[in-house]
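Below: the structure, in structure tokens.
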4 protein chains.
Amino acid sequence: MSDHKAAAAAKNLSGKVAAVRAEVCALHAELTRYGLVVWTAGNVSARVQGEELMVIKPSGLAYAELTPESMVVTDLFGTPAAGDWGNPTFAPSSDTAAHAYVYRHMPEVGGVVHTHSTYATAWAARGEAIPCVLTMMGDEFGGDIPVGPFALIGDDSIGQGIVETLRDSKSPAVLMKNHGPFTIGRDARAAVKAAVMCEEVAKTVHVSRQLGEPLPIDPALIASLHDRYQNVYGQ
Amino acid sequence: MSDHKAAAAAKNLSGKVAAVRAEVCALHAELTRYGLVVWTAGNVSARVQGEELMVIKPSGLAYAELTPESMVVTDLFGTPAAGDWGNPTFAPSSDTAAHAYVYRHMPEVGGVVHTHSTYATAWAARGEAIPCVLTMMGDEFGGDIPVGPFALIGDDSIGQGIVETLRDSKSPAVLMKNHGPFTIGRDARAAVKAAVMCEEVAKTVHVSRQLGEPLPIDPALIASLHDRYQNVYGQ
Amino acid sequence: MSDHKAAAAAKNLSGKVAAVRAEVCALHAELTRYGLVVWTAGNVSARVQGEELMVIKPSGLAYAELTPESMVVTDLFGTPAAGDWGNPTFAPSSDTAAHAYVYRHMPEVGGVVHTHSTYATAWAARGEAIPCVLTMMGDEFGGDIPVGPFALIGDDSIGQGIVETLRDSKSPAVLMKNHGPFTIGRDARAAVKAAVMCEEVAKTVHVSRQLGEPLPIDPALIASLHDRYQNVYGQ
Amino acid sequence: MSDHKAAAAAKNLSGKVAAVRAEVCALHAELTRYGLVVWTAGNVSARVQGEELMVIKPSGLAYAELTPESMVVTDLFGTPAAGDWGNPTFAPSSDTAAHAYVYRHMPEVGGVVHTHSTYATAWAARGEAIPCVLTMMGDEFGGDIPVGPFALIGDDSIGQGIVETLRDSKSPAVLMKNHGPFTIGRDARAAVKAAVMCEEVAKTVHVSRQLGEPLPIDPALIASLHDRYQNVYGQ
């Protein structure tokens with residue numbers, strides 16, 4: 001590759017990374033808007049499409065302090081990337097290994113979100129899947145929201161638990177036991193939407209079950225709702 | 001009709017539609033203010049009085065992005081209207097068929113609202129009517145808030161279920177089974193108020209029943225509360 | 001009285017009323033800040049000290065639209081006052097008769113608040129007093145928050161129920177059966193504080209009782225907490 | 001000490017106190033942001049490091065009115081400090097004695113927070129510790145959140161109860177019986193974080209237990225989570 005071509009490629013990559021940083025930073029505001037996180041306990045990441053890179057929240061920073069520049073670029077093993085744009089002041093989220101594992105093993109995933117949102121985490125603490133008793137659960141999740149294994153932070157256990165649970169599920173959300181929800185999407189915005197909807201249905205089904213048993217929905221109708229929503233809804 | 005008269009009529013219609021668009025857009029802010037909706041999951045519509053037209057939220061747009069111009073004008077079968085003012089960039093809400101069915105079959109209705117507000121939807125998931133145990137339920141709903149049938153999106157089933165349930169009820173709200181509330185009003189603002197009050201009483205009665213049985217109110221007193229409120233209250 | 005004296009007295013009264021209007025208007029913002037009200041369902045009033053007058057929210061206006069000028073001045077029977085400053089565009093709150101009855105029968109009361117705040121109303125719907133199991137209930141209420149009778153709007157029944165319940169109670173709050181809380185104070189700000197604290201303890205004791213029985217507090221210690229708080233606390 | 005040295009020391013102390021006042025004032029905004037307090041019912045204090053002084057909220061002031069200047073400087077027995085910077089217009093919080101006791105007996109503590117946050121106070125009203133069934137409880141609290149004794153305001157009883165409960169616990173939070181949580185930290189920000197996380201886990205575990213029993217976590221794994229979080233997390 002000539003020097004010109006290399007410079008152009010670097011410039012192109014730099015612009016691509018900057019755009020992802022801006023998007024990941026902005027999407028954290030949706031987590032606070034919908035009350036899914038307190039203090040610093042939740043994070044959004046996005047794959048840099050076409051590169052072996054991802055962008056994720058820095059560790060321990062408050063949401064109000066986040067800027068596109070403070071977002072951290074890592075490779076798909078969670079190692080901060082080298083180079084000008086990849087050499088941030090901040091260490092990546094302590095959940096980076098789990099996000100990275102998902103990107104390595106689920107190529108169709110472009111965004112990952114982790115929160116400890118109250119109602120979803122309450123189901124996770126009991127290790128209980130959220131039953132699909134709402135048409136909007138059929139639309140968005142295509143069935144129950146499944147439970148993943150108990151896994152400690154520090155190695156690939158959490159990532160493996162997420163991938164093994166979601167690989168054969170229609171649901172973009174998994175409730176990691178005693179921990180909280182992880183959600184995935186074709187891009188970071190879709191993963192954030194799944195996190196918002198996961199908490200919403202976790203709360204609604206919880207409230208409904210407090211005073212009796214919600215009515216089940218026929219699985220064939222759930223499949224029909226999901227198919228229509230995924231293929232027809234929106235602009 | 002002379003050309004002059006036709007031009008004046010078109011101008012008049014254009015102004016009327018613009019006013020309804022502005023109102024429908026603004027009323028969506030009440031849905032977010034009272035926490036009745038997350039992401040894009042709820043919508044307001046209004047009849048264009050004196051015309052075979054309605055105005056409704058575009059599909060899949062976030063509430064913060066809504067503008068009067070993005071509201072969609074359709075006929076009373078949900079087909080986007082032709083002409084300059086009726087030819088928007090956006091497709092109408094996926095719930096348009098249900099709103100349109102209501103306008104076709106209930107001429108006294110000028111506004112329709114649909115949400116998945118948490119507590120009302122929790123009652124809907126159990127298929128259980130909200131009992132009238134609060135004076136403010138007597139005022140606003142005139143009795144229990146009834147349950148409508150389970151119905152899939154895609155044809156007139158939802159609209160039929162709404163109309164059949166509300167036609168002979170004093171209540172402006174119906175809880176569609178496993179789905180969520182629809183509310184109606186003489187105008188869009190009244191339908192939004194009914195949606196806000198529906199969630200408020202759904203929550204209050206839920207909370208009350210968590211620790212025992214609420215005291216019933218004599219139906220004659222409920223009728224008296226409702227009559228007074230509908231005919232005397234306000235400016 | 002000379003013309004000069006009469007003019008000075010009128011000017012003085014006009015200034016006094018304007019100050020109360022500004023205060024009553026501003027205090028409604030505390031009701032929305034603490035989520036005690038939705039739509040138009042709650043109101044604050046204040047006595048005009050030294051006059052047979054009170055100031056109260058207009059009927060049916062949204063909180064965001066309230067201005068000092070829109071507050072309504074009435075006599076202590078709820079009849080809108082005559083004269084320039086007493087002749088507003090708006091009708092007073094539909095709860096005015098209840099507020100007025102309290103001012104007529106409890107001369108020490110300078111402010112009254114009515115809401116349908118969720119948790120307090122949930123206790124009211126069961127007709128159940130809130131037991132004093134929190135030190136902050138001892139401080140503010142001096143014991144249980146009592147229940148008042150079921151009473152219809154339209155005559156003095158609600159006002160009588162409030163006065164009969166609170167006259168011999170340390171509590172500044174009463175839960176009117178199937179209806180909601182009314183609170184009183186030496187001024188309107190104190191009555192608003194009581195409304196805020198009433199909902200807070202209604203929620204906390206509700207939540208506590210959901211998973212077991214709260215520990216009782218010795219009545220002598222409650223009396224001691226109340227005495228200290230009422231006489232020592234604050235600046 | 002020469003006059004010059006004394007003047008320099010006084011100037012230095014004055015600057016140090018001003019910085020603590022600004023921080024303590026600002027941290028109260030986190031209490032309202034996370035809904036931990038209503039009206040004036042909660043307070044933050046900080047030790048002035050290297051001095052026998054602390055800074056605390058004034059009694060009875062609303063959160064929106066707080067300024068760095070209104071924060072009160074006291075000695076470690078709660079007596080307002082003498083001198084220009086220590087002679088405020090306002091009396092210190094009625095909880096000052098409890099904060100002061102903690103600073104006298106726990107030299108490692110640099111900040112104390114007291115709230116009546118709803119869910120933590122609900123556990124406190126039952127006198128029940130919050131079981132450690134969430135990984136984020138392991139991270140932040142290293143085990144259950146313990147209960148402290150019932151104690152009346154007015155002497156050192158509350159302070160003693162806090163210190164006796166927390167001295168041998170990994171938890172920075174204690175639920176004082178029938179009262180509410182107190183939290184400590186190496187600085188005021190850490191104590192505020194503990195207050196925020198205490199309410200969050202109090203709510204999540206409450207919600208989880210409403211529909212069954214949360215899964216326990218092996219104490220060895222809790223210890224491992226706590227150790228990692230306290231020593232590795234953040235920037």
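The residues neighbouring D:A100, those whose beta-carbon lies less than 14 Å from its own, together hold a net charge of -3 under the Lys/Arg +1, Asp/Glu -1 convention.
Kindly identify the stretch C:3-231 as rounded, prolate or oblate by the Cα gyration tensor criterion: order the square roots of the eigenvalues as a ≥ b ≥ c, call it rounded if a/c is under 1.5, otherwise compare a/b with b/c, prolate if a/b is larger, else oblate. In terms of gyration-tensor shape, prolate. Anisotropy class assigned to the stretch C:103-153 is oblate, per the alpha carbon gyration tensor with a/c at or over the 1.5 cut-off and a/b no larger than b/c. Other residues with beta-carbon under 13 Å from the beta-carbon of A:E140 carry, at +1 per Lys or Arg and -1 per Asp or Glu, a net charge of -2. With all protein chains in place and a 1.4 Å probe, the accessible surface of chain C carries 51 percent carbon and sulfur. Summed over both chains, the accessible area lost when D and A associate is about 2800 Å², using a 1.4 Å probe. Simple point charges give the picture: +1 on the Cβ of Lys and Arg, -1 on the Cβ of Asp and Glu, and for chain D a dipole about the Cα centre of about 240 debye. Would you please give the FRET efficiency between D:F77 and A:H105, computed as 1/(1 + (r/R0)^6) with r the Cβ-Cβ distance and R0 = 45 Å, to the nearest 0.05? For R0 = 45 Å, the calculated efficiency reads 0.15.
Between A:R186 and A:N231, the simple spin-label model (points 7 angstrom out along Cα→Cβ) gives 1.4 nm.
Chain D residue nearest by beta-carbon to the axis mapping D to B, with distance in Å: D:Q210, 4. Give me the base-10 log of I(q)/I(0) for the protein assembly as shown at each q in 0.06, 0.09, 0.10 Å⁻¹, Debye formula, one uniform scatterer per Cα, rounded to two decimals. After summing over all Cα pairs, the log10 values are -0.47, -1.06, -1.28. Of the GluC sites (Glu not before Pro) found in the stretch A:28-62, those in coil by DSSP whose Cβ has at most 16 other Cβ atoms within 10 Å are A:E51, A:E52.
With the label put 7 angstrom out from Cα along the Cα-to-Cβ vector, C:E213 ends up 2.2, 2.2, 3.1 nm from the copy partners, going from closest to farthest. In terms of distances greater than 30 angstrom between alpha carbons, the cross-link table entries A:K57/A:K177; B:K57/D:K203; A:K170/A:K203; B:K16/B:K193 yield B:K57/D:K203.
Heavy-atom accessible surface of the protein assembly as shown, averaged per residue, reaches 38 Å², computed with a 1.4 Å probe. Comparing C:S94, C:S171, C:S224, which has the greatest mean-square fluctuation in the GNM of chain C with Cα pairs linked when under 10 Å apart? Comparing C:S94, C:S171, C:S224 in the GNM, the peak value goes to C:S224.
Projecting the Cα atoms of D:A202, D:L61, D:I184 onto the charge dipole of the stretch D:3-231, computed from C-beta unit charges around the Cα centre, puts D:L61 farthest toward the positive end.
With helices as the sole contributors, chain A gives -14500 deg cm²/dmol at 222 nm; each DSSP H run of n ≥ 4 counts as -39500 (n - 2.57), and the sum is divided by every residue. Shown for the stretch A:120-158: residues covered by the partner protein chains by 10 Å² or more of accessible area relative to the chain by itself (probe radius 1.4 Å), namely A:T121, A:A122, A:A125, A:R126, A:V133, A:L134, A:T135, A:M136, A:F150, A:L152, A:I153, A:G154. For a test of the definition: using alpha carbon positions, the gyration tensor, and the 1.5 limit on a/c, classify the stretch D:1-65 as rounded, prolate or oblate. Here the stretch D:1-65 falls in the prolate category.
The values are calculated or read from the model by the stated rules, or taken from the named source; none is laboratory data. Given the structure is predicted, the values throughout are model-derived calculations rather than measurements. Using ideal geometry, Cβ is built from the backbone for each residue, glycine included, and neighbour counts are taken over all protein chains shown. Side chains are part of the model used for accessible areas, which takes the heavy atoms of the whole protein and leaves out ligands, DNA and RNA. Shrake-Rupley method; radii C 1.70, N 1.55, O 1.52, S 1.80 Å.
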